[in-house]
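What follows is a short report on a single structure.
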Amino acid sequence: MILIDTGDLTLCHHQGSRQQSLFIAIRDKITQGYWPKNSKLPSTRHLAQILDVSRNTIIATYDQLVAEGYIRSQAGSGFYVAATLPDHYLTTTRSEDSFKQPTIKQQINTTNNAFAPGVPDLVAFPRKKWQRLYQQQFDRTQFLGCNDLQGEWEFREVLTHYLKTSRSVDVTADRIISTSGAQQALIMAIMASTQPNDIVLVENPGYAQMRKVVNLCNVKIAQLSVTPFDGINLQQLSKTKAKAIYITPSNQYPLGTTLNISQRIQLLKWASQHNVTIIEDDYDSEFQYAHRPYPSLQGLAAQTNIKVNIIYIGTFSKVMCNSIRLGYMVVPQALLPRYLEIKDALSGETQAQLQLAMAEFIHDGHLLRHIRKMRRLYQAKHQQMLQSIKDGFGQQWEVISQAAGLHITVRWHQNVCEKQFCEEAFKHNIIVRPLSYYELPNTIRNWQGIVLGFGNTSIDDIPVLIDNLKTCFNHLLTENRHDEYF
Ligand SMILES: Cc1ncc(COP(=O)(O)O)c(C=O)c1O
């Protein structure tokens, strides 16, 4: 049931008596479709107060509207717009069609379906603890107004400890800025470190959302080619005159390679010599299954005393859930004012209650416990993925990503187009992404590949789903039997 807000309902005083004027005003609201069928009218007492007329006038008007069939009275409940309106007034200004609620096609959200990359286990989200902590923040009246643009101090303080211990980040609370996910941090980093037509080096294949940012800011892209297993060949760096470089050094997205310590130092030295800003996206570093994670580039620069501008970016999208929209960045002290200026213009503050709840969540040890639990779960899912892929595809598919994160990248050389394969999989409600989705235009490859996210897929479903993919693959293989290799 919709409650009607009286909004701009006013009495038109030159239209006869007050009752007559109110009758016309309400009738027009109804016949012109502003007050929908079956919605509840304000009580007579309330409307009398708002319009500053006697309650008797309202009662008499409502009675007249009932008598003429525009509204109905429901005993003990109030007055409602009639479901069927009298014919003779339907032509006032709007046609009958305007009474119909617009038919909004229900969009079925498939973005989190089985194997959708980038989605963590949504069922395992610690909803009870989170709900309680989040709700409690609304009792803290002082945070209901305007808050700190940079981020809540409690949040930044506790994050400092977390980033130092888990990722060796060189950080103090006064250099952290809270953001709406990593996405906001990425656009702020590009806006602060480049001018239109400057060059930014981005990984190819790489994070498609970053390319959108670069294009939006009219910055030119230079590619940093990434190859399966070998990762980024740093020899490429010497050739470009970039202002900034965007990189996912701990789990390259989506090929899943890592920069080792000596590569990290080489990159830092190059950036320092050429005055290039490094944008380090550490989006899922919490989930490494095969080896201990390397320290962040940002932390390594401080440890090795290499002077370079690094913007360190992290997010709670993977360790908690995507819709939480909370991320952070650590920026050099001298650049802080510029970053805050950009944040102010883009979005203003990040929601205080979200940060405060997260501060308590981290402080009380829930985050570390949750990460440990999820690491075990994802590791088991990763194992299951490898096993099922091996069982289903044998030598046909090769897993090329490392044991980390929430996705697996595979490639093949058979005559099955990756895009066609993804479309076929979608018919089975499975979302897998072609590697070309992550690539710059005109990238040449002599193999086909896809990215499979396993974060939000239940471990028990994995064998069946891989089996479905096998069916899709074989189907296309048979169809393409006589075609030339793409
Ligand atoms: C490389 C990379 N960075 C960052 C993110 C997270 O972005 P956000 O915090 O805006 O959800 C993702 C999510 O999939 C990602 O793949």
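Data overview
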quantity	calculated
Neighbourhood charge, 13 Å Cβ-Cβ cut-off, centred on D5 and excluding it, Lys, Arg +1 and Asp, Glu -1	+1
Eligible aspartates and glutamates near K427 by straight Cα distance, threshold 15 Å, same-chain separation 8 or greater	E418, D467
Dipole moment magnitude, nearest 20 debye, the chain about Cα centre, only Lys, Arg, Asp, Glu C-beta charged	560 debye
Fewest-first sequence of L234, L41 by Cβ atoms within 10 Å of each Cβ	L234, L41
Helix-only [θ]222 nm of the chain, DSSP H runs n ≥ 4, -39500 (n - 2.57) each, per residue, nearest 500	-12000 deg cm²/dmol
31 Å Cα-Cα threshold exceeded, pairs from K390/K419; K241/K343; K40/K128	K40/K128
Inter-site label distance for T443 and E479 at 7 Å from Cα along Cβ, in nm	2.4 nm
Nearest-20 debye value, region 369-479 charge dipole, Cβ charges on Lys, Arg, Asp, Glu	680 debye
Region 289-312 and region 270-284: distance between their alpha carbon centers, rounded to Å	10 Å
Candidate lysines for bridging to K37, where Cα separation is under 24 Å - those fewer than 8 sequence places away on the same chain excluded	K29, K100, K105
Net lengthening on full extension, D8/K239 (0.36 nm per residue, minus Cα-Cα)	76.7 nm
Partner aspartates and glutamates for K307 [C-alpha distance under 17 Å; skip if fewer than 8 residues away on the same chain]	D170, E280
R338-E68 FRET efficiency (beta carbon distance; Förster radius 56 Å; 0.05 resolution)	0.30
Efficiency of FRET between S77 and K37 - r from beta-carbon atoms, R0 22 angstrom, step 0.05	0.85
Chain lengthening between R45 and K220 when straightened (0.36 nm per residue, less Cα-Cα)	56.6 nm
Sorted by Cβ neighbour density within 10 Å, fewest at the top, the residues R369, R481	R481, R369
Segment Q263-F138, length gained on full extension (0.36 nm per residue, minus Cα span)	40.3 nm
Net charge over other residues, Cβ less than 15 angstrom from the Cβ of H46 (K, R count +1; D, E count -1)	+1
Residue order, fewest to most beta carbons within 10 Å, for Y294, Y339	Y294, Y339
Convex hull of region 369-479 built on C-alpha atoms - directionally averaged projected area, nm²	7.3 nm²
Cα-Cα P(r), region 174-242, percent of pairs per 5 Å interval	3, 15, 24, 20, 18, 12, 6, 0
Mean-position separation - Cα centroids, region 406-430 and region 1-41, in angstrom	57 Å
Estimated distance in nm for a label pair at D148 and T110, the labels positioned 7 Å out from Cα along Cα-to-Cβ	4.5 nm
Highest to lowest packing among 68-80, 270-282, 236-248, 182-194, scored as the average C-beta count within 10 Å	182-194, 270-282, 236-248, 68-80
Sorted largest first, extent of the chain alpha carbons per principal axis (Å)	87, 62, 45
Prolate/oblate/rounded label for region 127-365 (Cα gyration tensor, a/c 1.5)	prolate
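Every read-out reported here was derived from the displayed coordinates using simple, explicitly stated rules and does not represent laboratory data. Please read these numbers as outputs of a predicted model, since none were measured by experiment. In this analysis, Cβ positions are derived from the backbone assuming ideal geometry, glycine residues included, and neighbour counts consider all displayed protein chains.
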